[in-house]
Amino acid sequence: MLINASEFLAVLGRELGDLASDDRQQILEYYQELILDSKEQGYSEQEIIDGFGDPADVAKRVRAEYGGMVVYAGSARDEEAKDYRASDMVHTIQVEATNVTVRVRTVEAGPIRVLFKPRENRDRVVFSEENGIFHFRHEMRSLFHLNWLNLFWDFNILILEVPKNFAGSLILKTSNAAIRVSNLQKLARGEFVTMNGKISMKSVHAEELFLKTANAFLEMENLRGKRLEAITNNGNVSARECDFSEGILLQTKNGFVTGKNIISDNISMQSCNGSITGTIIGNINDYTVESHTVNGSNNLDCAANLTGPKKLAAKTTNGRIKVEFIR
């Protein structure tokens, strides 16, 4: 008999051993986040595990969902082409969903595709590609499944396949679910929005990136471009190895802000009721520093009179500020 979440996830991972490692990891993260959300609603770990049932049965349901996905595909230019330029074909991808976890999966070449399995009498899908816009919208016919117990019986995920060299705009919105993005190299603009779900982004290069959630964590690693805005409420913000020449905004309320080895000419780190910590690659004397906190220490107090051409703002309440410069 399973008695805790770690044991459940370990068994589920073994049962899904035939899936690709990235897909298996996405599924395990989905259930891990569901466990955490359910705990926050006051349910015990034992109640949650009992609600899931036998992990072997869960794996069968998940595998059936993956195996029965419908493919919504855009036009292909050349399956052997190594670039998918906005000017040649699609310049904007718009994906909207409701209560569906979204994973952006990069491919070497080929058309843009959405893989999703609509549930009979429960999901409605509208799909089109015209005038350079790939548009996919998912709606729910009813909201009855938002009942906590029904969540245990639904594994609902949407996979968006994008050529890694796609050079247009990607707008992705969902709710009450997580977003995971990696390995996009040439985005002009990326906009990723959800509520009550984590956004995880790794190894993405975009001229502009905008990430927003609520009641959840923003996690970013190895991002590059001109401008980054990452905003949440009641959750932490973490940016590691991020380089945006024109500006970086990391903002939350009731959470921590962490920036590790970040680079920008204009850095703003803001919170309430949470600490601000990080390392900035550069020279502090190149910055005009504006920083204050209440009920916490602040190592940037000594830099209050600096008037360099670059800007750093670090502000919070009820938390400490410790931001250091490295070369």
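The values are calculated or read from the model by the stated rules, or taken from the named source; none is laboratory data. This is a predicted model, so every value here is computed, not measured. Quick reminder, even Gly has a Cβ in these numbers, built from the backbone with ideal geometry, and neighbours come from all protein chains shown. What goes into the accessible areas is simple: the full protein's heavy atoms, side chains included, and nothing from ligands, DNA or RNA. Shrake-Rupley method; radii C 1.70, N 1.55, O 1.52, S 1.80 Å.
Summary of computed values
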| read-out | value |
| --- | --- |
| Spans of strands (runs of 3 or more DSSP E) in the stretch 173-240 with at least 1 residues open to solvent by 20 Å² or more (accessible area, probe 1.4 Å) and farther than 19 Å from residue 160 by Cβ | 199-212, 218-231, 237-240 |
| Selected residue (only one of 261, 283, 273 is in contact with a Cys (Cβ under 9 Å, 6 or more places away or on another chain) and surrounded by fewer than 18 Cβ atoms within 10 Å (Cβ to Cβ)) | 261 |
| Some residue of the stretch 239-256 being hydroxyl-bearing (Ser, Thr, Tyr), under 15 Å from residue 324 (Cα atoms) and out of contact with any Asp or Glu (no Cβ under 8 Å at 6 or more places or on another chain) | no |
| Residues satisfying the stated conditions in the stretch 293-302, i.e. surrounded by 15 or more Cβ atoms within 10 Å (Cβ to Cβ) and either free of Cβ contacts under 8 Å to residues at least 12 places away in the same chain or touching a Lys or Arg at 6+ places or on another chain (Cβ under 6 Å) (or both) | 296 |
| Candidate set: the stretch 309-327, residues that are more than 25 Å from residue 255 (Cβ to Cβ) and modelled with pLDDT of 95 or more; chosen: the one most open to solvent (accessible area, probe 1.4 Å) | 309 |
| Given (1) without any contact (Cβ under 8 Å) to a residue 40 or more places away in the chain; (2) open to solvent by 60 Å² or more (accessible area, probe 1.4 Å), index of the condition residue 306 fails | (2) |
| Tabulated pairs, the stretch 18-45, first touching a residue at least 60 places away in the same chain (Cβ under 8 Å), second open to solvent by less than 70 Å² (accessible area, probe 1.4 Å), C-beta under 6 angstrom, 6+ apart or interchain | 26/103; 27/62; 30/101; 33/178; 38/48 |
| Tally, over the stretch 158-177, of residues that are hydrophobic (A, V, I, L, M, F, W, C) and at pLDDT below 90 | 1 |
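Residues are listed down the side, and each one gets a yes or a no for (1) farther than 18 Å from residue 156 by Cβ; (2) surrounded by fewer than 16 Cβ atoms within 10 Å (Cβ to Cβ); (3) of a type in the set (D, E, K, R); (4) at pLDDT 85 or above:
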{"residue": "3", "(1), (2), (3), (4)": "yes, yes, no, no"}
{"residue": "10", "(1), (2), (3), (4)": "yes, yes, no, yes"}
{"residue": "17", "(1), (2), (3), (4)": "yes, yes, no, yes"}
{"residue": "24", "(1), (2), (3), (4)": "no, no, yes, yes"}
{"residue": "29", "(1), (2), (3), (4)": "no, no, yes, no"}
{"residue": "37", "(1), (2), (3), (4)": "no, no, yes, no"}
